[in-house]
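Q: Below is the structure I would like to discuss, written out as structure tokens.
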Amino acid sequence: MRQSIILTISLITSIFLVDRGAFVLINKMENRVYQGDSVGKINYFNSIKDSVNTLILGSSRAAHHFDPDFFEKSCFNMGVDGKKIAYVTALVSTLKKANQNIIVQIDHDLLFDSSYKGEDALSLLHKSFENKNLSIFFKENYQKQFLISRFLKCYTYNGKFLGTSYRFVFDDGKRRSTGYEPLFPTKSQKEIFQKILVRSDSSDFYYNIKKPLSVNKKTEEFIDIIQAKSKELGSNLIFVTSPSLKKVDEETKVQTAQFFKEKGLFYLDDSEFFKEENLEYWKDFTHLSEKGASLYSKSLSRRINNINFHALIN
Amino acid sequence: MSIIVFSTVVDYILGLQIEKQAHRKKLFLKISIFTNLCLLGVFKYFNFFIDSWVDLWSIFGYEMSVSTLNIILPVGISFYTFQTMSYTIDVYRGDIKATKDFLAFATFVSFFPQLVAGPIERASNLIPQLTSKRVWNHQKFKDAILQIAVGFFRKVVVADSIGAFIDHVYNAPDIYNSPTIFVAVILYSFQVYFDFSGYSDIAIGTARILGFDFKRNFNLPYFSSSISEFWRRWHLSLSRWLRDYLYIPMGGNRRGDLIQYRNILVTLLLAGLWHGSSWNFVIWGGIHGLLLCFEKRTGLIPKNFKLGNCIVIFLILSLSRIFFRSLDIGDSFVIIQKLVNWQGTVVDIRNISIFATVLYGLLITFIIDTFLFVSKIDLEELGSKIKDFGYVALVCFLTINIVLFFSSSNTFIYFQF
């Protein structure tokens, strides 16, 4: 029994020390990476977030749909694949610059998705060691994961190590200027999408949102945090649902608009921006091609430039 | 819950009666087998039989309207019913004594490490361990920790990452090109192996820490040079169960070639059906039965390991698993058609990060498995064979890798069976 206790203590101590060593090593590499979605983009975002005038935040539908070149020179698109409102909230909690324009891409289905728990924000957990606001955000919203990360620091780099190592070795020095990631569908991708469309029925073109509609409390909490932070910094906050081939019914659209109106938030529902079904504008059901994104960004930037926020909110 | 309690109580009583009333023991055994098969029949196969019956009549133009039951498959039913059946059969054969200790019997049926996905333990192995005093054993503890670490790596790093990569292909095979489908077919073989063997390693290791020795469930199956050898290395607790309680009682290989082929086919068809209530599994079992018969007939079973055979066998196993993994038979044929009419040159990787994790995980597991195969050491004993520094370094390495690469998927393939 004594041997086993000694072995257990040795294992725990060794794992703790190796974890610390590995974390320092990965952290050193990671801090020099400015490319790639999982770590590079957030590093670049951190380096410019408090100097740009306009920030675009959200999922892949933000990353691929909003071309900052159409907005203004000082604009950065921080859309990241697979990330949603929790991730956006964590990013907003780190902002310091006053009077920015913050554009948040949000989808109808997320607002009413009862299963959403906001785990997408956890991919920023590694940054909580460097940023006090982020640390508080995780401590308050993700207690379990926060505690694990304090014992096993490498946990915060889950799924990031290979990407970081690759980028560290092969970084060509290019920096993301706008964060925009245009999609140029290849021939085979176009063929796959065509096949999907052929076998799709009408239900594939609609989000299956559970009725009666009920806003996810967690999502609402995140929106409230974003709103409070924007107010504190005097920033202009806009929520946008960007174009999609997947639609929602009228009731969902009305309730979504109503939700934002009641919160005193500015909201644009552009889900049906494209009236014609031109497949050249799409990569798949929910992502625009570069061609579609350009047309959309041009239109959105014009509309946003014409908004008098203070008049609208008041 | 009530099903496992029912099965436990029934087989506990019947076990005692088989021993007590020797002249009626056959009757009690029949009741036990009938009861367990009924449980399986109702809760696992009822809808399958009804649907198949309706489909059969529809072939002849009769459209039947029969309602199916809205049943949720009780977790682990295939495993614990086989355990309780083996108990009453062993008591009937006189291989073991019926236990009077109800608590020990109930623990044998519902012991938590192996309840939901095996290994299917024998009463002769587990009940004596449950009733005797256990002594702390450092060697076993050391072995168990390493086995659990390897199990977690196999499951949460390799199998789950592969799942994240291939699920989209199997969910819609018609939209992917041939190279993508081929890679998915190959990777599924690794997924199912590392998912189930990883789970078994965790279960066996956990039980070992508590002082219980389970029989090993996998023995490096992809180092098999023949299909027969594969079945002596894959899901050992099930294949031994089928051998001892089905294949041998039917005559095994003692009554001539034809009877032996029949026995092999029946055993493998039922092995397929055991996995799930779908014709896909029956076809998968049937293919394996035919392959085994073919091997026996042609004598294509090498005595020693042959790399070439090993690769060919792996490819055959992977192809047969198309039926095992596909959502339905239609999809299976779509996949086969795509592989036959090869089109395309580029694999649709989708997420390069996940794919890189898959390759890295496979490399590490390949090194571990090759080491075990070459050194002829069982994973169950590896921990105590390594010196302390190397042992700590290996467990640390595995733990940090698990933390860095685990996939958030939480499905277990064999939980559905």
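The values are calculated or read from the model by the stated rules, or taken from the named source; none is laboratory data. The structure presented is a predicted model; accordingly, all values stated were derived computationally and were not measured. With ideal geometry, Cβ positions are generated from the backbone for all residues, glycine too; neighbour counts draw on all protein chains shown.
Q: Which one of these does B:Arg233 not meet: (1) more than 20 Å from the chain's Cα centre (by Cα); (2) without any contact (Cβ under 8 Å) to a residue 24 or more places away in the chain; (3) closer than 30 Å to B:Val109 by Cβ?
A: (1)
Q: Is region B:274-294 home to any residue that is free of Cβ contacts under 8 Å to residues at least 12 places away in the same chain and of a type in the set (S, T, N, Q)?
A: Scanning region B:274-294, I find no residue that is free of Cβ contacts under 8 Å to residues at least 12 places away in the same chain and of a type in the set (S, T, N, Q), so the answer is no.
Q: Exactly one condition in (1) aliphatic (A, V, I, L, M); (2) within 14 Å of chain A (Cβ to nearest Cβ); (3) surrounded by fewer than 18 Cβ atoms within 10 Å (Cβ to Cβ) is not met by B:Ile329; state its number.
A: Condition not satisfied by B:Ile329: (2).
Q: Another question about this same structure. For the structure I just gave you, tell me whether B:Gly41 is assigned by TED's automatic domain parsing to the domain that holds B:Ile89 and at positive phi.
A: When the stated conditions are applied, B:Gly41 does not pass them.
Q: For region A:246-314, please list each of the helices (runs of 4 or more DSSP H) lying entirely inside it that holds at least 2 residues being at pLDDT below 85.
A: Where helices (runs of 4 or more DSSP H) fall fully within region A:246-314 and carry at least 2 residues being at pLDDT below 85, they are A:290-305, A:309-313.
Q: On the given criteria, is B:Ile89 under 30 Å from B:Phe112 (Cβ atoms) and modelled with pLDDT under 75?
A: In short, no.
Q: Restricting attention to region B:164-186, report how many residues are away from chain A (no Cβ under 13 Å) and either surrounded by 23 or more Cβ atoms within 10 Å (Cβ to Cβ) or of a type in the set (D, E, K, R) (or both).
A: Residues meeting the conditions: 3.
Q: Mind listing whichever residues of region A:1-26 are within 9 Å of another protein chain (Cβ to nearest Cβ) and crowded, with 16+ Cβ neighbours inside 10 Å?
A: A:Ser4, A:Leu7, A:Ser10, A:Leu11, A:Ser14, A:Ile15, A:Val18, A:Asp19, A:Ala22, A:Ile26
Q: Okay, next question. Looking at region B:290-327, which of the residues that are among the aromatic types (Phe, Trp, Tyr) and assigned to a helix (DSSP H, G or I) is nearest to B:Ser225 (Cα to Cα)?
A: Across region B:290-327, the extreme among qualifying residues is B:Phe314.
Q: Restricting attention to region A:226-252, and to residues there that are over 23 Å from A:Cys75 (Cβ atoms) and either among the β-branched types (Val, Ile, Thr) or under 22 Å from the mean Cα position of the chain (by Cα) (or both), which single residue is surrounded by the most Cβ atoms within 10 Å (Cβ to Cβ)?
A: Per the criteria, the residue is A:Val248.
Q: Okay, moving on. Filter region A:107-121 for residues that are in a helix (DSSP H, G or I) and surrounded by fewer than 23 Cβ atoms within 10 Å (Cβ to Cβ) and give the result.
A: Hits for region A:107-121 are A:Asp109, A:Leu110, A:Glu119, A:Asp120.
Q: Has region B:335-357 got at least one residue that is within 14 Å of chain A (Cβ to nearest Cβ), more than 30 Å from A:Phe151 (Cα to Cα) and in a helix (DSSP H, G or I)?
A: Scanning region B:335-357 turns up at least one residue that is within 14 Å of chain A (Cβ to nearest Cβ), more than 30 Å from A:Phe151 (Cα to Cα) and in a helix (DSSP H, G or I).
Q: Would you be able to say whether some residue in region B:125-132 is in contact (Cβ under 8 Å) with a residue 12 or more places away in the chain and under 30 Å from A:Ser10 (Cβ atoms)?
A: Scanning region B:125-132, I find at least one residue that is in contact (Cβ under 8 Å) with a residue 12 or more places away in the chain and under 30 Å from A:Ser10 (Cβ atoms), so the answer is yes.
Q: Scan region B:363-413 for residues that are among the hydroxyl-bearing types (Ser, Thr, Tyr) and outside any helix (DSSP H, G or I) and jot them down.
A: B:Ser407, B:Ser408, B:Ser409, B:Thr411
Q: I've got another one for you. Please count how many residues of region A:154-189 are farther than 27 Å from B:Thr357 by Cα and touching a residue at least 40 places away in the same chain (Cβ under 8 Å).
A: The number of residues fulfilling the criteria is 1.
Q: Within region A:47-56, can one find any residue that is under 14 Å from A:Glu181 (Cα atoms), within 14 Å of another protein chain (Cβ to nearest Cβ), modelled with pLDDT of 90 or more and crowded, with 19+ Cβ neighbours inside 10 Å?
A: Taking every residue of region A:47-56 in turn, none turns out to be under 14 Å from A:Glu181 (Cα atoms), within 14 Å of another protein chain (Cβ to nearest Cβ), modelled with pLDDT of 90 or more and crowded, with 19+ Cβ neighbours inside 10 Å.
Q: Separate question: Please state which one of A:Val80, A:Val88, A:Val104 is crowded, with 22+ Cβ neighbours inside 10 Å, more than 14 Å from chain B (Cβ to nearest Cβ) and in contact with a helix residue (DSSP H, G or I) (Cβ under 6 Å, 6 or more places away or on another chain).
A: A:Val104
Q: Here's a follow-up. Out of the residues in region B:54-74 that are modelled with pLDDT under 75 and of a type in the set (A, V, I, L, M), state the one that is surrounded by the fewest Cβ atoms within 10 Å (Cβ to Cβ).
A: Out of the qualifying residues, it is B:Ile72.
Q: Among residues belonging to region B:362-396 that are over 20 Å from B:Ser200 (Cβ atoms) and surrounded by 16 or more Cβ atoms within 10 Å (Cβ to Cβ), point out the one that is farthest from the other protein chains (Cβ to nearest Cβ).
A: Going through the qualifying residues, I end up with B:Ile386.
Q: Could you look through region A:183-210, keep only residues that are surrounded by 15 or more Cβ atoms within 10 Å (Cβ to Cβ) and away from every other protein chain (no Cβ under 11 Å), and pick out the one that is nearest to A:Val52 (Cα to Cα)?
A: A:Leu183
Q: A further question on this structure: Grab the helices (runs of 4 or more DSSP H) fully contained in region A:1-101, keeping just those with 3 or more residues being small (Gly, Ala, Ser).
A: The helices (runs of 4 or more DSSP H) meeting that bar are A:2-30, A:60-63.
Q: Still on this structure, please answer the following. State which residue is surrounded by the fewest Cβ atoms within 10 Å (Cβ to Cβ) when the search covers only region B:293-324 and only residues that are among the aromatic types (Phe, Trp, Tyr) and within 18 Å of the chain's Cα centre (by Cα).
A: If we take residues in region B:293-324 being among the aromatic types (Phe, Trp, Tyr) and within 18 Å of the chain's Cα centre (by Cα), then B:Phe314 is surrounded by the fewest Cβ atoms within 10 Å (Cβ to Cβ).
Q: Considering only region A:163-182, state which residues are surrounded by fewer than 10 Cβ atoms within 10 Å (Cβ to Cβ) and at pLDDT below 80.
A: A:Asp172, A:Gly173, A:Lys174
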